[in-house]
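In what follows, a single structure is set out as structure tokens and then discussed.
Since every read-out is calculated from the coordinates, none of them should be taken as a lab result. Keep in mind that what you see is a predicted model, and the values were worked out from it rather than measured. A quick note on method: Cβ atoms are made from the backbone with ideal geometry, for glycine too, and the neighbour counts reach across all protein chains shown.
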Amino acid sequence: MSTSSPGRFTLAIHGGAGTILRSTMTPEREAAYHAGLRRALAAGHAVLAAGGPALDAVTAAVMALEDEPLFNAGRGAVYTSAGKQEMDAAVMNGQDHAAGAVAGICGPRNPVLAARAVMEKTEHVLLIGSAAMDFCRAQGLVMEAPEYFFTQARWDALQSTLAMRRTGTQDQDESRKHGTVGAVARDVHGHLAAATSTGGMTAKAPGRVGDTPVIGAGTWADDASCAVSGTGHGEVFIRFAAAQEISARMRLAGQTLEQAARAVVMDVLAPNDGSGGVIAVDKDGGYSLPFNCAGMYRGVVMQDGALRTAIYEEALQARQP
Ligand code: ASP
């Protein structure tokens, strides 16, 4: 039975669980991350406050995060071991379980729009590689040259990761390894949606696909339970069907969103080398943002319009720009 609360809306976003170490974070960098998160929250809030669908809100929020070079998605995506960018993205609509995803692409300015086009314009769920690129061009998506996606920081992260690999050194810096962006929302009509977009993991093998475009692993939305977007060690999210597991615990075991999301992140992913976190909203507009690592760039906005963000263990806070 639905206990939906009409009129209530919630948007939660993440900019990845691979945060910069506290020791190397400067006040300027921290402010830039919060500002990037706030822009994405504001983009999604505008949709929800106007009564728009959760699907449009998560798309708008993820587009803003993809456009922001600080985050590992779209502009600012990480590099494969071969020095190329291969991006993955997915969207899912909780109302009808419609879903679309792309993997291993570099070209569309906003990979989330490519995922959405797969969902809306094809009878398929996941398109990959060069054929997906042909599809994006045919759909008239805005395409960018490789220079648009280049950032010195990601390139340097690749060089140091490859150097560490050569010497067998363990990389302790999560920000060098990964990151991802995502959004989940509950709209005023009680519908849920999720979107996730990533460059994947630094120095990943060419052709490697993570959890982001795998429906049920890194992205999931189901009006009867919750919408989830994950970030972290993608292989582990796939092996444990992390996002779907949260939904299943709610539907079949009667767990609350907080219980289910926390249990999956802390008790399922963490002990299995699954460093990372999730953002999730439930059918009543409640949210949960657990992570099992040092931090996760994250934010929430509800009807009051306050853009609340956080990076490390601290509580969400509405900061002045
Ligand atoms: N989950 C992403 C992947 O494995 C990376 C991340 O979120 O850090 O591709």
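Out of I238, I215, one residue alone is over 20 Å from L37 (Cβ atoms), of a type in the set (V, I, T) and buried (at least 21 other Cβ atoms within 10 Å of the Cβ). It is I215. Of the set (1) within 16 Å of the ligand (Cβ to nearest atom); (2) part of a strand (DSSP E or B), all apply to L11 but (1). Keeping to the stretch 191-203, report how many residues are in contact with a helix residue (DSSP H, G or I) (Cβ under 6 Å, 6 or more places away or on another chain), within 12 Å of the ligand (Cβ to nearest atom) and not in a loop (DSSP other than H, G, I, E, B). Qualifying residue count, the stretch 191-203: 1. Find the residue count for the stretch 227-260, including only residues that are within 16 Å of the ligand (Cβ to nearest atom) and either under 18 Å from Y297 (Cα atoms) or part of a helix (DSSP H, G or I) (or both). Here the count works out to 17. In this entry, N93 passes the filter for residues that are at negative phi, more than 13 Å from the chain's Cα centre (by Cα), buried (at least 24 other Cβ atoms within 10 Å of the Cβ) and not acidic (D, E).
Within the stretch 114-151, the set of residues being closer than 20 Å to R208 by Cβ and among the small types (G, A, S) comprises A114, A115, G129, S130, A131, A132.
Within the option set P271, P321, P213, P206, being outside any strand (DSSP E or B), more than 17 Å from the chain's Cα centre (by Cα) and within 15 Å of the ligand (Cβ to nearest atom) holds for one residue only, P206.
G299 meets all of the listed conditions (1) under 17 Å from the mean Cα position of the chain (by Cα); (2) of a type in the set (G, A, S); (3) assigned to a loop (DSSP other than H, G, I, E, B) but one, namely (3). Among the residues of the stretch 37-46, the one identified as without any contact (Cβ under 8 Å) to a residue 60 or more places away in the chain and crowded, with 21+ Cβ neighbours inside 10 Å is A43.
When Q172 is tested against the conditions (1) surrounded by fewer than 16 Cβ atoms within 10 Å (Cβ to Cβ); (2) more than 16 Å from the ligand (Cβ to nearest atom), the lone failure is (2). Note on the stretch 80-173: enclosed strands (runs of 3 or more DSSP E) holding 1 or more residues that are more than 18 Å from E68 (Cβ to Cβ), among the β-branched types (V, I, T) and touching a Pro at 6+ places or on another chain (Cβ under 8 Å) are 98-105.
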